[in-house]
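Undergrad: Pasting a structure below so you can have a look.
Any read-out appearing in this document is the output of simple, stated calculations on the displayed coordinates, not a laboratory observation. Because the structure is predicted, anything quoted here is derived from the model rather than measured. Virtual Cβ from ideal backbone geometry, glycine too; neighbours counted across all protein chains shown.
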Amino acid sequence: MLEHFSGDTLLGHIVERVKRSKYINHVLVATGNESTNAQLIAACKKQGIETFCGSDEDVLSRFYFAAKPLSPGIIVRITADDPLKDPEVIDRAIEILLQSQYDYVSNTLKPTYPEGLDIETFTFAALDRAFHEAKLLSEREHVTPYIWKNLRLFRTHNFEYSTDLSHLRWTVDYAEDMDFVKKIYRHFEGKGYFGMQDILQFLAQNPGLSRTNQDVERNQAYNQMVKHEQ
């Protein structure tokens with residue numbers, strides 16, 4: 001999270017991209033309360049980024065207690081290992097939720113966007129119900145499964161891109177991922193904001209740079225946890 005490149009930390013880049021959303025009016029970094037997070041919290045404070053510390057394992061409760069004092073109508077879940085998040089994709093999810101009767105909107109239930117552009121938005125009412133009713137460890141640690149698994153209780157919607165790009169890997173879990181992201185940022189340095197379409201155009205011109213999910217299972221940690229619960 002604190003790797004520094006192209007003028008900011010990885011986390012700082014994410015926060016700045018999220019702030020470009022037309023609808024998000026409060027950005028909060030919700031992290032765990034273990035002492036190992038002290039450096040991250042200090043870095044956020046230095047950059048003027050608001051933080052909340054909650055359970056390391058029960059991330060659902062962390063989201064709930066971080067959000068409750070703010071009384072939000074809707075919440076947007078942003079994972080902090082995705083420094084190429086696109087505010088236009090974020091806003092599309094929010095607009096669908098605002099213009100509908102859905103409780104939850106995402107592009108993750110049937111992935112078609114590059115991994116790293118995943119977005120989930122949901123009502124606080126849905127989060128509140130999940131917090132009080134979810135029992136499985138996988139539901140508590142991964143925040144939203146109780147919502148999107150229970151179609152009798154929640155109205156959910158998945159939006160898709162015009163072309164299936166789910167094989168593209170734009171998230172950061174490995175050193176190779178970080179190298180890829182740094183090359184993207186280095187190319188656009190001094191050129192202002194760049195989004196999904198700009199990156200796709202750059203990769204089309206430089207196909208050797210593309211990084212795919214060929215050898216990496218999507219949502220690996222969640223899938224492994226579910227297997228142990230069965």
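Undergrad: So, by mean Cβ neighbours within 10 angstrom, what's the order for 17-25, 33-41, 185-193 with the highest one leading?
TA: 17-25, 33-41, 185-193
Undergrad: Tabulate in residue order the Karplus-calculated ³J(HN,Hα) for the range 115-128, using 6.51 cos²θ - 1.76 cosθ + 1.60 with θ = phi - 60°, rounded to whole Hz; enter x for Gly and Pro.
TA: Result, rounded to whole Hz: 5, x, 10, 4, 9, 10, 9, 7, 6, 5, 4, 5, 4, 4.
Undergrad: Cα centroid distance between the range 5-50 and the range 180-208, in Å?
TA: 22
Undergrad: What nm value, rounded to one decimal, do you get for the distance between Lys135 and Lys149 when each label is placed 7 Å out toward the C-beta?
TA: If labels sit at Lys135 and Lys149, their model points lie 1.1 nm apart.
Undergrad: Relative to the longest principal axis of the chain, what angle (0 to 90°, nearest 10) does the C-alpha long axis of helix 220-229 take?
TA: So the inclination is approximately 30 degrees.
Undergrad: How high is the relative contact order of the chain, given as a whole-number percent (alpha carbon pairs under 8 Å, six or more residues apart)?
TA: 19
Undergrad: What percent antiparallel are the DSSP beta bridges of the chain, to the nearest 5?
TA: 55
Undergrad: Let me ask something additional. Around Val15, with a cut-off of 12 angstrom between Cβ atoms, what is the net charge of the other residues, counting Lys and Arg +1 and Asp and Glu -1?
TA: Local net charge: 0.
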